[in-house]
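Down below is the structure, laid out as structure tokens.
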Amino acid sequence: GAGVSQSPSNKVTEKGKDVELRCDPISGHTALYWYRQSLGQGLEFLIYFQGNSAPDKSGLPSDRFSAERTGGSVSTLTIQRTQQEDSAVYLCASSPDYNSYNEQFFGPGTRLTVL
Amino acid sequence: KNEVEQSPQNLTAQEGEFITINCSYSVGISALHWLQQHPGGGIVSLFMLSSGKKKHGRLIATINIQEKHSSLHITASHPRDSAVYICAVEGSQGNLIFGKGTKLSVKP
């Protein structure tokens, strides 16, 4: 079946612009996670959803970052007034539910470049 | 100190060699994941384990909960195994806390 998909695959934007990144999880997966990987850095957790709610927003780097999920499916990560340090690959993953012991399935990522 | 430490950071091996990548963590966990990231960036989940040992093909993962340590072994390594291997532990909400990764290069 279809895996996790993300769009766009690449996004180049100018500093100060807003961007929206989209994640389509595997059908039926209730848990959805956003991570990012900055150049030369490891992966870091941003936010997770159980259904439509996001109990843990502690990983969002600043109030310019927000995420929503509607209908328990598609999620969008929005970055307002982008800065150069926001340049990274943004990865989405989904799993059947938010409990432990569930494998997370990763999307291909969106490479964001802020000029 | 990072919550998840991996060693080595970089590893070069000859084809056929037995490879071990280590992961130590300092937090309580419910599960530990080994991920593989190929050049090009795609991430694949290799193993998820909470105790003991798992084997898949030439890959073996072990975990010692008491010692807070896990190892990933690759037997009969091959150039196509070249990738970054990432250890990640599950936080309380199911989110992953990642190690910095081990870059493996297997030479023919």
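Just add up the charged neighbours of residue B:60: K/R +1, D/E -1, any other residue whose Cβ is under 10 Å from the Cβ of residue B:60. Could you put the intermediate results ahead of the total?
Working: positive: B:53, B:54, B:55, B:58; negative: none.
So the surrounding residues net to +4.
For the stretch A:1-108, take every pair of Cα atoms, bin their distances at 5 Å starting from 0, and report each bin as a whole percent.
That works out to 2, 13, 24, 26, 19, 10, 4, 1, 0, in percent per bin.
How much net charge surrounds residue A:114 when only other residues with a Cβ under 13 Å from its Cβ are counted (Lys, Arg +1; Asp, Glu -1)? Show your work: numbers first, answer last.
Values: positive: A:11, A:15, A:17, A:36, A:64, A:81, A:111; negative: A:14, A:18, A:85, A:86.
That works out to +3.
Round to the nearest 0.05 the FRET efficiency obtained for residue A:18 and residue A:41 when R0 = 30 Å and r is the Cβ-Cβ distance. Don't jump to the answer; show the numbers that get you there.
On the way: r = 23 Å, r/R0 = 0.78.
Efficiency, from the Cβ-Cβ distance: 0.80.
Taking Cα pairs under 8 Å and at least six residues apart, what relative contact order does chain B come out at, in percent? Intermediate values should be presented prior to the final figure.
Details: 264 pairs, mean separation 40.4, N = 108.
The value is 37 percent.
Count the net charge of all other residues whose Cβ sits under 15 Å from the Cβ of residue B:104, scoring Lys and Arg as +1 and Asp and Glu as -1.
On the way: positive: B:58, B:80, B:100, B:103, B:107; negative: B:15, B:17, B:81.
Value of the local net charge: +2.
Work out the mean other chain Cβ neighbour count within 10 Å for the residues of B:100-106 and drop it here as an integer. Walk me through the intermediate numbers first.
On the way: counts 4, 4, 0, 0, 0, 0, 0.
So the per-residue partner count for this stretch is 1.
Using the alpha carbon gyration tensor of the stretch B:53-108, what are the three equivalent-ellipsoid semi-axes (square root of 5 times each eigenvalue), largest first, in whole Å? Kindly include the intermediate steps, with their values, before the conclusion.
On the way: eigenvalues 112, 42, 17 Å².
Result for the stretch B:53-108: semi-axes of 24, 15, 9 Å.
At q = 0.10, 0.13, 0.19, 0.24 Å⁻¹, what is the base-10 log of I(q)/I(0) for chain B according to the Debye formula with one equal point scatterer per Cα and no solvent? Please give it to two decimals.
-0.25, -0.43, -0.91, -1.40
List the chymotrypsin sites (Phe, Trp or Tyr not before Pro) within the stretch A:18-115 that DSSP assigns to loop and that have no more than 16 neighbouring Cβ atoms inside 10 Å. Don't jump to the answer; show the numbers that get you there.
Numbers: sites: A:33, A:34, A:35, A:45, A:48, A:49, A:65, A:90, A:98, A:101, A:105, A:106; in loops: A:98, A:101.
Sites meeting the loop and neighbour criteria: A:101.
Looking at the protein assembly as shown only, what percent of DSSP beta bridges run antiparallel? Nearest 5 please.
Details: 73 of 82 bridges.
Here the antiparallel bridges make up roughly 90 percent for the protein assembly as shown.
Count, for each residue of B:42-50, the Cβ atoms from other chains sitting within 10 Å of its Cβ, then give me the mean as a whole number. List each step's numbers first, then the result.
Working: counts 5, 12, 2, 6, 1, 1, 6, 1, 2.
So the per-residue partner count for this stretch is 4.
Obtain the radius of gyration and the Kirkwood radius of the protein assembly as shown from its C-alpha atoms and give Rg over Rh.
Values: Rg = 17.5 Å, Rh = 18.0 Å.
On the Cα set of the protein assembly as shown, Rg over Rh gives 0.97.
Readers should treat all values here as calculations from the given coordinates under stated rules, not as data from a laboratory. This structure is a prediction, so every number in the text was calculated from the model and none was measured. Note that we place each Cβ from the backbone using ideal geometry, even for glycine, and neighbour counts take in every protein chain shown.
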